[in-house]
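Participant: Dumping the structure here so I can ask a few things about it.
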Number of protein chains: 2
Amino acid sequence: MATDMVWTIARVIMGVLAVGLVAAAAGAADPLPSWNDGAAKKAIVEFVARVTTEGSPDFVPAAERIAVFDNDGTLWSEQPIYFQLAFTLDRIKALAPQHPEWKEKEPFASLLKGDLKGVLSGGEPAVFEILMAAHAGMTTEEFAKIVRDWIATARHPKTGRSYTEMVYRPMLELLAYLRQCGFKTFIVSGGGIEFMRPWAEKVYGIPPEQVVGSSIKTKYELRDGRPVLVRLPEMDFYDEKAGKPSGIHSRIGRRPIMAFGNSDGDHQMLQWTAAGVGGRFMGLIHHTDAEREWAYDRASSIGRLDKALDEAQARGWTVVSMKDDWKRIFAFDATAR
Amino acid sequence: MATDMVWTIARVIMGVLAVGLVAAAAGAADPLPSWNDGAAKKAIVEFVARVTTEGSPDFVPAAERIAVFDNDGTLWSEQPIYFQLAFTLDRIKALAPQHPEWKEKEPFASLLKGDLKGVLSGGEPAVFEILMAAHAGMTTEEFAKIVRDWIATARHPKTGRSYTEMVYRPMLELLAYLRQCGFKTFIVSGGGIEFMRPWAEKVYGIPPEQVVGSSIKTKYELRDGRPVLVRLPEMDFYDEKAGKPSGIHSRIGRRPIMAFGNSDGDHQMLQWTAAGVGGRFMGLIHHTDAEREWAYDRASSIGRLDKALDEAQARGWTVVSMKDDWKRIFAFDATAR
């Protein structure tokens, strides 16, 4: 039998199998068990059915089923400080013995005394200097190892859990459900792309090539004949606010049909998604649960959600209330509500 | 049955099916019929078998089977000028009526008189000005349409064929064969990412999210409430020479196990691929066929192949001679040799 024909037959078999499985998944078991039966869950399931049902006017071929997710506050927590900032502070402390001059030199002196306000008084340049001291100067392989070591050992200051336990179980279910239904799931985060990739595949099932984030420049060098990429203290791309549509366009090259965010940093990504032709789904995770997680929106310095919430309400985008829509938030939550 | 279990069983069935098919593909029919039986073809087939055979010491899980291909001179021709330069010249001519001032203004005046030498006498700034006049100032959607219209109508000056007919049939077979064997195929080109994406999926089977290339910056704007990305006359990323490993790292985030190029612009990409742990394949397309295509290497201004050829010979990378290794070059070649 010709190879082409073998493959054609195989594709048909796999296609039939996949369609049957999606039906089985939808019918036989709840794909989103940590979601309460409410408007948000209903909207998600109905949207997925519309775009995956052949013959439906909103049917979208699998190759175009791009779903994008912010990370901080959308897939995992971002309080009391962005987790990448916690990593940064830990990294500076770990490096301090090699930099005795930091004791006298701002913004490091304030940071090492635990005086975050003192750091912030230096404005953006001070924050940038600290970020670069923690993130640049090493090879990409060395940095990946630093991140892996940190994520394996660091603990969240409030829960005492590892940071990767602070991911939202309902969102893990949603990611898996979408992939079962032929979607390609991407992270589109203001966080550092190389801070996320070392663990995103294991934790979210999202491979490195589907992680979009902020980045610094790298420089190719031969060291003793061996090529390395050295991380430079220079921004390459800032994947936040109006940068997110640019990042999506340059890294993915297709407009998403589904986007989830939780803050005004995701506003333009949601607008960009909404402006496409055909069925679209725009979702906002609303932090409404002070007891099980945190409650914050319009007045928060971290994850401020204001203009995007207005537009969501005006346009009927889906707003997910963590308190009402989620039975469990974290996998370690003892009881479901 | 629980959804998880349904999916686990399905994955096992699909896995068995896929392994059987790869074996069938390898055994039942020649996956590379346009390649002559020689050292290059043998090296490719043996490498693919090594990395896809479970239990082999060089086995690579499917998720890590990343193969990267340069475009100009590797997947399609690049003579007598890079095809994107032909696009640029056509675009400037099409825009000229809206720019009467170009008649007197260099480098446009020389270009419109067909005096390419005059253009080049202005050096890099002149070339950059022309490139930006052709590539920037419109929205990303408008630019994609301009490219689609051009690629559908423009004809190669020597063959009279459309540019997308000038792709190498043996390389199309190789791309398809690799994908059948679980590889993810990427383009990593010095050419413009938005010049390739509008047709790369149809022509090469490579989706937009697997195209890496040079890019200019874009700016997010609301026009009458509708979001657009405007292309700015400012370089974002130059994906050539030492830029290619950076591009691979930032866009793909995994080191390729297979890389094909044809010029010194691909040298660092091949070095970066070679430096990984485990089985690797580095290939160079050597333009040796003046009759059916073009013959050029060390002395060529376009697609100069010199240092990379030295390293390939020193390290035993695979050098594909178009004249000797390919039965047909283009699909339109009347006879195979």
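Just so it is clear, none of the values below were taken in a lab; they were calculated from the coordinates. All values derive from a computational prediction rather than experimental measurement. Cβ sites come from the backbone with ideal geometry, for glycine too, and all protein chains shown count toward neighbours.
Participant: If only Cα atoms are counted, what is the Rg of segment A:71-146, and what is its Dmax, in Å?
Facilitator: When restricted to the Cα atoms of segment A:71-146, Rg and Dmax are 13.0, 39 Å.
Participant: Further, regarding this structure: At 7 Å along Cα-to-Cβ for each site, give me the label-to-label distance between B:S56 and A:T335 in nm.
Facilitator: In this crude label model, B:S56 to A:T335 measures out at 5.6 nm.
Participant: Now for a separate question. What share of the DSSP beta bridges in segment B:182-328 is antiparallel, in percent to the nearest 5?
Facilitator: About 45 percent, rounded to the nearest 5.
Participant: What shape does segment A:180-243 take by its C-alpha gyration tensor, where a ≥ b ≥ c are the square roots of the eigenvalues and a/c under 1.5 counts as rounded, a/b above b/c as prolate, and the rest as oblate?
Facilitator: On the way: a/c = 3.01, a/b = 1.55, b/c = 1.95.
Note, shape of segment A:180-243 comes out oblate.
Participant: Still on this structure: How do B:I151, B:I66 rank when sorted from fewest to most other Cβ atoms within 10 Å of their own Cβ? Mind dumping the intermediate values first?
Facilitator: Working: B:I151 19, B:I66 24.
Fewest-to-most Cβ neighbours within 10 Å comes out as B:I151, B:I66.
Participant: Above 39 angstrom, tally the Cα pairs of the protein assembly as shown and express them as a % of all pairs, no decimals.
Facilitator: Working: 84825 of 226801 pairs.
The share of Cα pairs beyond 39 Å in the protein assembly as shown comes to 37 percent.
Participant: So what is the relative contact order of chain A, in percent, for Cα pairs below 8 Å that sit 6 or more residues apart? It would help to have the intermediate numbers written out before the result.
Facilitator: Numbers: 512 pairs, mean separation 71.6, N = 337.
Result for chain A is 21 percent.
Participant: Moving on. Under the Karplus relation 6.51 cos²θ - 1.76 cosθ + 1.60, θ = phi - 60°, what is the ordered set of whole-Hz ³J(HN,Hα) values for segment B:148-159, x standing for Gly and Pro?
Facilitator: 4, 5, 5, 5, 6, 10, 5, 10, 5, x, 8, 8
Participant: Take the alpha carbon atoms of segment A:216-273, find their center, do the same for segment A:52-89, and report the distance between the two centers in whole angstrom.
Facilitator: 14
Participant: Okay, moving on. Suppose you put the label 7 Å out from Cα in the Cβ direction; list, shortest first and in nm with one decimal, how far B:V203 is from each other copy's label.
Facilitator: Relative to the other copies, B:V203 has label-point distances of 4.1 nm.
Participant: With springs only between Cα atoms under 10 Å, which of A:A154, A:A134, A:A290 fluctuates most in a Gaussian network model of chain A?
Facilitator: Comparing A:A154, A:A134, A:A290 in the GNM, the peak value goes to A:A290.
Participant: Give the percent of DSSP beta bridges with both residues in chain B that are antiparallel, rounded to the nearest 5.
Facilitator: Details: 13 of 32 bridges.
For chain B, the DSSP antiparallel bridge percentage is about 40.
Participant: Find the centroid of the Cα atoms in segment B:297-337 and in segment A:169-200, then give the distance between the two in whole Å.
Facilitator: 41
Participant: Further, regarding this structure: Enter the per residue convex hull volume of segment B:212-337, computed from alpha-carbon coordinates, in Å³ rounded to the nearest integer. All intermediate terms of the calculation are to be shown ahead of the outcome.
Facilitator: Numbers: hull volume 20.7 nm³, N = 126.
Residue-normalised Cα hull volume stands at 165 Å³.
Participant: Please rank A:K241, B:K202, fewest neighbouring Cβ atoms within 10 Å first, as an exposure proxy. Before the final figure, lay out the partial values.
Facilitator: On the way: A:K241 16, B:K202 10.
Fewest-to-most ranking of A:K241, B:K202: B:K202, A:K241.
Participant: Give the percent of DSSP beta bridges with both residues in the protein assembly as shown that are antiparallel, rounded to the nearest 5. Don't jump to the answer; show the numbers that get you there.
Facilitator: Values: 26 of 64 bridges.
Around 40 percent antiparallel, to the nearest 5.
Participant: Counting only GluC sites (Glu not before Pro) that are in a DSSP loop and have at most 10 other C-beta atoms within 10 Å, tell me the longest site-free stretch of chain B.
Facilitator: Here the longest segment lacking exposed loop sites spans B:105-290.
Participant: Continuing with the same structure: One decimal, nm, shortest first: give the distances between the label point of A:G55 and those of the same position in the other copies, each label point 7 Å from Cα along Cα→Cβ.
Facilitator: For A:G55, the other copies' label points sit at 4.6 nm, shortest first.
Participant: Moving on to the next point. Rounded to a whole number, what is D in µm²/s for segment A:159-274 from Stokes-Einstein with the Kirkwood radius over alpha-carbon pairs (37 °C, 0.692 mPa s)?
Facilitator: Numbers: Rh = 15.7 Å.
Reported coefficient: 209 µm²/s.
Participant: Between the label point of A:K42 and that of the same position in each other copy, find the distances and list them shortest first in nm, with every label point placed 7 Å from Cα along the Cα-to-C-beta direction.
Facilitator: Values, ascending and in nm: 6.8.
Participant: Cα-based Rg of segment B:232-281 per 2.2 N^0.38 Å, rounded to two decimals? Write down the numbers at each step before the final one.
Facilitator: Values: Rg = 11.8 Å, N = 50, 2.2 N^0.38 = 9.7 Å.
Normalised Cα radius of gyration, segment B:232-281: 1.21.
Participant: For the cross-link pairs B:K202/B:K244; B:K202/B:K323; A:K93/A:K307; A:K42/A:K244; A:K41/A:K145, which exceed 32 Å when the distance is taken from alpha carbon to alpha carbon?
Facilitator: Numbers: B:K202/B:K244 24 Å; B:K202/B:K323 27 Å; A:K93/A:K307 37 Å; A:K42/A:K244 27 Å; A:K41/A:K145 38 Å.
In this structure, A:K93/A:K307; A:K41/A:K145 exceed 32 Å between Cα atoms.
Participant: Then there's this: What do you get when you divide the Cα radius of gyration of segment B:51-114 by 2.2 N^0.38 Å, with N the number of residues?
Facilitator: Working: Rg = 22.5 Å, N = 64, 2.2 N^0.38 = 10.7 Å.
With N residues counted in segment B:51-114, Rg over 2.2 N^0.38 Å equals 2.11.
Participant: Could you compute how fast chain A diffuses translationally, taking Rh as the Kirkwood radius over C-alpha pairs and applying Stokes-Einstein at 37 °C with viscosity 0.692 mPa s? Give it in µm² per second.
Facilitator: On the way: Rh = 21.6 Å.
Calculated translational D: 152 µm²/s.
Participant: Relative contact order, percent, of segment B:261-304 when contacts are C-alpha pairs under 8 Å separated by at least 6 residues?
Facilitator: Numbers: 40 pairs, mean separation 16.4, N = 44.
Over segment B:261-304, the number comes to 37 percent.
Participant: What spacing in nm lies between the two simple spin-label points modelled at A:E291 and A:I81, each 7 Å away from Cα in the Cβ direction?
Facilitator: Going by the 7 Å Cα→Cβ label model, 3.0 nm.
Participant: Within 10 Å of each residue's Cβ, count the other Cβ atoms and sort B:K217, A:K184, A:K307 from fewest upward. Intermediate values should be presented prior to the final figure.
Facilitator: Values: B:K217 17, A:K184 21, A:K307 12.
Taking fewest neighbouring Cβ atoms as first place, the list is A:K307, B:K217, A:K184.
Participant: May I ask you to derive the FRET efficiency for B:K93 and A:A49 from their Cβ-Cβ distance with R0 = 56 Å, giving the value to the nearest 0.05? Intermediate values should be presented prior to the final figure.
Facilitator: Numbers: r = 50 Å, r/R0 = 0.89.
That gives a FRET efficiency of 0.65.
Participant: Add -39500 (n - 2.57) for each DSSP H run of 4 or more in the protein assembly as shown, then divide by its residues: what number comes out at 222 nm, to the nearest 500 deg cm²/dmol?
Facilitator: Values: 26 runs with 280 residues, N = 674.
Dividing the helical sum by the residues of the protein assembly as shown leaves -12500 deg cm²/dmol.
Participant: Sticking with this one: Over segment A:204-244, what is the relative contact order in percent, taking alpha-carbon pairs closer than 8 angstrom and at least six residues apart? Mind dumping the intermediate values first?
Facilitator: Values: 42 pairs, mean separation 16.1, N = 41.
It comes to 39 percent, rounded to a whole number.
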